[in-house]
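*Asks:* One structure, pasted below without further comment.
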Amino acid sequence: MQLKCIVVDDDLISRKSLQRLCEQHESLNLVAVCEDATQALKVLGEEEIDLIWLDVEMPVLSGFDLLERLPTTPQVILTTTKTEYAFEAFQYQVTDYLKKPISLPRFKLAVEKVLEAESRTKNVRSQSGDQKAIYVKAEGRYIRISYDSILYIENMGDYVKIVTTSQTFVVYTTMKSLEEKLGTQFLRVHRSYIIHLEKIVDIEESNLVVASKVIPISRANKAELMNRLNLL
């Protein structure tokens, strides 16, 4: 298993240190090294990232400010020179909390925690692949939506829009949570979209069409999409 990760830290020495550690670990694919939260938000808007190595104290936007701005949050390992942020880190449900300078054994332990969490998530997805429907709450009742009727799902911040062949549902949940519940016939092709693979009409270089909806394909998800299709 390989995890796509980014480093976000305003300190040059810390960035270089984490970059070196990530590049030497076989389970990590370092996508970007960012010196502030603004750069990180741009990368996170374009790429599907599994893990953020995130400094807490940064100018303009802190690490916690960055987390507040994300509609869905990948796994996060906070890195800091101080320990007083531990309680706040717990509130954000981060995977681990490392005090600088980061030793190699502690770094490896943190990566193991992330890999274990990813493995649990994949097991949930595998088990959910046997299901044929999800239930969503609408107008005070739970409505059954069969997988086969779902065309695509769109991220709307704190909500997601589930578009089916007959109607549309807006549900208070996250894309990550929903992705973990869906079957194997679904694939996240972009940060903002999950599609039913069997509903694709055609595919171009960076877009695909489901019904009449043109949906972008991120660079990070293009290879997985092509691997999942029955290509001639």
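*Asks:* Using modelled amide H (1.01 Å from N, peptide plane; none on Pro or chain starts), what sits under 5 Å from the amide H of Leu30, excluding residues fewer than 5 places away?
*Replies:* Amide H neighbours of Leu30: Cys5.
*Asks:* Right, next: Heavy atoms only, probe 1.4 Å: what % of the accessible area of the chain goes to carbon and sulfur, would you let me know?
*Replies:* Heavy-atom surface of the chain belonging to carbon and sulfur, 1.4 Å probe: 48 percent.
*Asks:* For the chain, what does the helix formula give at 222 nm: sum of -39500 (n - 2.57) over DSSP H segments with n ≥ 4, over the residue count, nearest 500 deg cm²/dmol?
*Replies:* Values: 7 runs with 78 residues, N = 232.
So the helix-based figure for the chain works out to -10000 deg cm²/dmol.
*Asks:* If the convex hull of the alpha-carbon atoms of segment 2-54 is projected onto planes in all directions, what is the mean projected area in square nanometres?
*Replies:* 3.1
*Asks:* Here is a further query. Compute the convex hull volume of the Cα atoms of segment 53-190, divide it by the residue count, and report the result per residue in Å³ as a whole number.
*Replies:* Each residue corresponds to 135 Å³ of Cα convex hull volume.
*Asks:* Same structure, new question: Once you compute Rg and the Kirkwood Rh from C-alpha atoms, what is the Rg to Rh ratio for the chain? Provide the component values of the computation, followed by the final result.
*Replies:* Details: Rg = 18.9 Å, Rh = 19.0 Å.
Dividing the radius of gyration by the Kirkwood radius yields 0.99.
*Asks:* Here's another thing I want to ask about it. Only Lys, Arg, Asp and Glu count, each charged at its Cβ (+1, +1, -1, -1), so figure out the dipole size of segment 163-232 about its Cα centre, rounded to 20 debye. Please list the in-between numbers first.
*Replies:* Numbers: 9 positive and 7 negative charges, 41 e Å.
Taking the Cα centre of segment 163-232 as origin, the dipole is about 200 debye.
*Asks:* Rounded to whole Hz and in sequence order, give me ³J(HN,Hα) for segment 192-207 from the Karplus expression 6.51 cos²θ - 1.76 cosθ + 1.60, θ = phi - 60°, writing x for Gly and Pro.
*Replies:* Per-residue couplings from phi come out as 9, 9, 10, 10, 7, 4, 7, 9, 5, 8, 7, 10, 10, 4, 10, 9 Hz.
*Asks:* Could you work out the Rg to Rh ratio of segment 138-231, with Rh taken as the Kirkwood radius (inverse of the mean 1/r over all Cα pairs)?
*Replies:* When Rh is taken as the Kirkwood radius, the ratio is 0.95.
*Asks:* I've got another one for you. What ³J(HN,Hα) values, in whole Hz, does the Karplus curve 6.51 cos²θ - 1.76 cosθ + 1.60 give for segment 75-92 when θ = phi - 60°, with x put for Gly and Pro?
*Replies:* Per-residue couplings from phi come out as 5, 10, 10, 7, 10, 7, 8, 10, 10, 6, 8, 4, 5, 5, 4, 4, 4, 8 Hz.
*Asks:* Would you mind classifying segment 66-117 by shape? Square roots of the alpha carbon gyration tensor eigenvalues, ordered a ≥ b ≥ c; an a/c under 1.5 is rounded, otherwise it is prolate if a/b is larger than b/c and oblate if not.
*Replies:* Oblate, because a/c is 1.5 or more while a/b does not exceed b/c.
*Asks:* Label Glu47 and Leu61 with points 7 Å out from Cα along Cα→Cβ: what is the distance between them in nm?
*Replies:* For Glu47 paired with Leu61, the spin-label model returns 1.6 nm.
*Asks:* Is segment 1-105 rounded, prolate or oblate when judged by the Cα gyration tensor, a ≥ b ≥ c being the square roots of its eigenvalues, rounded requiring a/c under 1.5 and prolate requiring a/b larger than b/c?
*Replies:* Here segment 1-105 falls in the rounded category.
*Asks:* For a test of understanding, tell me how many lysine pairs in segment 125-223 have Cα atoms under 20 Å apart, given they are 8 or more places apart or on different chains.
*Replies:* 16
*Asks:* Considering only protein heavy atoms, what per residue accessible area in square angstrom results for segment 30-170 with a 1.4 angstrom probe?
*Replies:* Here the per-residue accessible area is 54 Å².
*Asks:* Once you place label points 7 Å from the Cα toward the Cβ at Arg228 and Met1, how far apart are they in nm?
*Replies:* 1.8
*Asks:* What dipole magnitude, in Debye to the nearest 20, does the chain give about its Cα centre under +1 on Lys/Arg Cβ and -1 on Asp/Glu Cβ?
*Replies:* Roughly 600 debye for the chain.
The values are calculated or read from the model by the stated rules, or taken from the named source; none is laboratory data. From a predicted model like this one, the values you see are computed outputs, not experimental measurements. Cβ sites come from the backbone with ideal geometry, for glycine too, and all protein chains shown count toward neighbours. Quick note on the areas: whole protein, heavy atoms, side chains included, nothing else; ligands and nucleic acids left out. Shrake-Rupley method; radii C 1.70, N 1.55, O 1.52, S 1.80 Å.
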